[in-house]
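The values are calculated or read from the model by the stated rules, or taken from the named source; none is laboratory data. Just so you know, these numbers come straight off a predicted model, no measurement behind them. Reconstructed Cβ throughout: ideal geometry from the backbone, glycine too, with neighbour counts over all protein chains shown. What goes into the accessible areas is simple: the full protein's heavy atoms, side chains included, and nothing from ligands, DNA or RNA. Shrake-Rupley method; radii C 1.70, N 1.55, O 1.52, S 1.80 Å.
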Amino acid sequence: MIELLGAAEIRDLAERLKLKPTKKLGQNFVIDGNTCRKIVKLANVEKSDIALEIGPGLGSLTLALLDQVDHLIAIEIDTRLANQLPLTIKGRGLAVERLTVINADAVKVKELPKNPTVLVANLPYNVSVPVLLNILENFPTITHGVVMVQSEVAQRLAAKAGNKEYGSPTVKANWWATLKIAAVVSRSVFWPTPNVDSSLVRFDRHLPAGSEAERIATFEVIDLAFAKRRKMLRSALAKLFKTDLQLALTKAGVDPTIRGEVLEVADFLKIGKQLINEKSTK
């Protein structure tokens, strides 16, 4: 079993790199090895998996993952951390060839040198939802995973229709996967200590709800429905449909007087199909 980084080592490493964790990059590093192993265990990774980690930071979770998988791809936006990660891995006696480091913004990454099968990451809080949606959209070989996010975000991602936490991130993520909260994480396992609570969200991919053209149209509907979530759909979607919106909603089997927050992804897809039909007849 690989020896993971401890709190003292992480702080010493940060000092050597002259690294001051920034809120801008959402840098809160996990300093508890047990938490890292718990995350990996909840992700049900196998030796044959190619794991993808977003924001590996100083390598706490990276080492725990390399203890279980043959190969890991790590996307790190901070160049100093990206350059240091292979050195940290090598210092633990691991083959650097088992690690691929991509120095890039995970929100913008659309291709990778290998096809990852599982996502395990402590996502930067400020971009956690855009990163997760980008990964789900562009890397269909990822079948499941566990991500650590702010608890408030976790509640939104795992919410059910009709819940006050339910919103566009929930519905969009549901296009590709089912999500649930797997565990709550103490603030004390981070350095620096965040002023928010964290949770682990487990996701399991299913077939996309529809085609890519249908996704684009449906996401337009979702965005407008939740931009004006307190309005009835016949008002919230008025700018999107140029013809008879009430008729389009009726054809979709959706009550024009309800709000978007009570609809599931399949319902939004029906409206998205009506939007496609409208655009094709122009």
When the stretch 58-87 is checked residue by residue, the ones that are buried (at least 17 other Cβ atoms within 10 Å of the Cβ), more than 22 Å from MET148 (Cα to Cα) and in contact (Cβ under 8 Å) with a residue 40 or more places away in the chain are GLN84
Being aromatic (Phe, Trp, Tyr) and either free of Cβ contacts under 8 Å to residues at least 12 places away in the same chain or farther than 18 Å from VAL171 by Cα (or both) is the filter here; which residues of the stretch 215-266 pass it? PHE241
In the stretch 208-217, is there at least one residue being under 14 Å from ILE271 (Cβ atoms) and either polar (S, T, N, Q) or touching a strand residue (DSSP E or B) at 6+ places or on another chain (Cβ under 7 Å) (or both)? no
Out of (1) crowded, with 24+ Cβ neighbours inside 10 Å; (2) farther than 26 Å from ILE181 by Cβ; (3) among the hydrophobic types (A, V, I, L, M, F, W, C), the one ALA8 does not meet is (1)
When only residues in the stretch 194-214 that are without any contact (Cβ under 8 Å) to a residue 12 or more places away in the chain and part of a loop (DSSP other than H, G, I, E, B) count, which is nearest to the chain's Cα centre (by Cα)? LEU207
Might you let me know whether the stretch 164-171 holds any residue that is open to solvent by less than 30 Å² (accessible area, probe 1.4 Å) and under 12 Å from the mean Cα position of the chain (by Cα)? yes
Test for GLY93: is it on the phi > 0 side of the Ramachandran plot and either surrounded by 17 or more Cβ atoms within 10 Å (Cβ to Cβ) or modelled with pLDDT of 95 or more (or both): no
Would you mind stating whether ARG187 is open to solvent by 70 Å² or more (accessible area, probe 1.4 Å), among the basic types (Lys, Arg) and either in contact (Cβ under 8 Å) with a residue 60 or more places away in the chain or under 20 Å from ALA248 (Cα atoms) (or both)? no
Sole residue being modelled with pLDDT under 95, more than 30 Å from GLY6 (Cα to Cα), open to solvent by 80 Å² or more (accessible area, probe 1.4 Å) and of a type in the set (Lys, Arg), chosen from LYS282, LYS273: LYS282
Enumerate the pairs (first residue in the stretch 3-20 and closer than 12 Å to GLY33 by Cα; second residue anywhere and among the aromatic types (Phe, Trp, Tyr) and surrounded by 11 or more Cβ atoms within 10 Å (Cβ to Cβ)) with beta-carbon separation below 9 Å, excluding pairs fewer than 6 apart on the same chain, so at least 6 apart or on different chains. LEU5/PHE29; ALA7/TRP191; ILE10/PHE29; ILE10/TRP191
If the requirement is being of a type in the set (Val, Ile, Thr), surrounded by 13 or more Cβ atoms within 10 Å (Cβ to Cβ) and closer than 30 Å to LEU19 by Cβ, which of these qualifies: VAL265, VAL201? VAL201
Could you tell me whether LYS160 is of a type in the set (Lys, Arg), open to solvent by 70 Å² or more (accessible area, probe 1.4 Å) and touching a residue at least 12 places away in the same chain (Cβ under 8 Å)? no
Within the stretch 228-262, restricting to residues that are basic (Lys, Arg) and under 18 Å from LYS160 (Cα atoms), the one that is surrounded by the fewest Cβ atoms within 10 Å (Cβ to Cβ) is ARG230
Residue check: is ALA225 over 30 Å from ASN44 (Cβ atoms) and surrounded by 19 or more Cβ atoms within 10 Å (Cβ to Cβ)? yes
